[in-house]
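Take a look at the structure set out below.
The values are calculated or read from the model by the stated rules, or taken from the named source; none is laboratory data. As the structure is a computational prediction, the values presented were derived from the model and not from experiment. Methodologically, a virtual Cβ is constructed for each residue, glycine included, from the backbone with ideal geometry; neighbour enumeration extends over all protein chains shown. The area values use the complete protein model at the heavy-atom level, side chains included, leaving out ligands, DNA and RNA. Shrake-Rupley method; radii C 1.70, N 1.55, O 1.52, S 1.80 Å.
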Amino acid sequence: MVELRTERLVLREWREGDFEAVHAYATDPQTVRFMAFGPNTEEQTREFLVRQIERQGQDPRTDYGLAMTLREGGRLIGGCGIYLREREGASMGYMLRRDCWNRGYATEAARALLGLGFEQLGLHRIIAKCDTGNGASARVMEKIGMRREGHFRQSDLVRGEWRDEYLYAMLESEWREKHDGQ
């Protein structure tokens, strides 16, 4: 079981009891406006949780989807994860309920995911993508030291509309350079 602790967060495995909290943010049109899913029906949220819980038992495990909770009080405020790909790499992502935006939680969670990937999973490269209209997500990736490697035009179909994406990445050597000696 994976559990990551940061200054203000605990990133933990998903549980069946997370339904209400997940459904609250997965049904918010503002929260999901840059996502390929949502707003969710109750059935879609239940299917999401079932998939996440099933993936916890993968062997070998390739999907590290985690609930993002506050250390103080344990309130579930979003989700994040790192997803292994071929050739020593992975992609990562994060999502927060709207009332928790602009507080640094996504940055804190994303930094912890990089640590998981490079320090515990031994990855060589981690990427993340965001809609070019999602400046907040792009800023998170820049704050944690990822570099923008690409601007893909009309590469993501979201609710029937082709959207542009930015691709950010970090190498394990770049992570080590920033974190050795800390």
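Observations on the model:
- Within segment 21-49, residues that are touching a residue at least 40 places away in the same chain (Cβ under 8 Å) sit with their Cβ atoms under 9 Å from residues that are of a type in the set (S, T, N, Q) and not in a loop (DSSP other than H, G, I, E, B), at 6+ positions apart or across chains, in these pairs: ALA21/THR69; VAL22/THR45; PHE34/SER137.
- Screening ASP59 on (1) open to solvent by less than 60 Å² (accessible area, probe 1.4 Å); (2) of a type outside the set (Lys, Arg); (3) assigned to a loop (DSSP other than H, G, I, E, B); (4) closer than 23 Å to LEU121 by Cβ shows it passes everything except condition (1).
- Meeting the requirement of 1 or more residues that are touching a Ser or Thr at 6+ places or on another chain (Cβ under 8 Å), the strands (runs of 3 or more DSSP E) wholly within segment 62-128 are 76-85, 89-96.
- Residue list for segment 157-182, filter: more than 21 Å from ALA112 (Cβ to Cβ) and more than 17 Å from the chain's Cα centre (by Cα): LEU157, VAL158, ARG159, GLY160, GLU161, TRP162, ARG163, ASP164
- Residue list for segment 1-56, restricted to those being in a strand (DSSP E or B) and either open to solvent by 30 Å² or more (accessible area, probe 1.4 Å) or hydroxyl-bearing (Ser, Thr, Tyr) (or both): GLU3, ARG5
- Scan of segment 4-20 for residues that are touching a residue at least 12 places away in the same chain (Cβ under 8 Å), closer than 22 Å to ARG103 by Cβ and not hydrophobic (A, V, I, L, M, F, W, C), ordered by number: ARG5, THR6, GLU7, ARG8, ARG12, ASP18
- Figure legend. Inter-residue proximity from segment 111-124: first residues closer than 12 Å to GLU3 by Cα and open to solvent by less than 50 Å² (accessible area, probe 1.4 Å), second residues at pLDDT below 95 and not in a helix (DSSP H, G or I), beta-carbon distance below 6 Å, spacing 6+ or different chains. No pairs are indicated.
- Members of segment 132-154 that are in a strand (DSSP E or B) and open to solvent by 50 Å² or more (accessible area, probe 1.4 Å): ARG147, ARG148, GLU149, HIS151, PHE152, ARG153, GLN154
- Test for GLU174: is it touching a residue at least 12 places away in the same chain (Cβ under 8 Å), open to solvent by 20 Å² or more (accessible area, probe 1.4 Å), under 23 Å from ARG12 (Cα atoms) and in a helix (DSSP H, G or I): no
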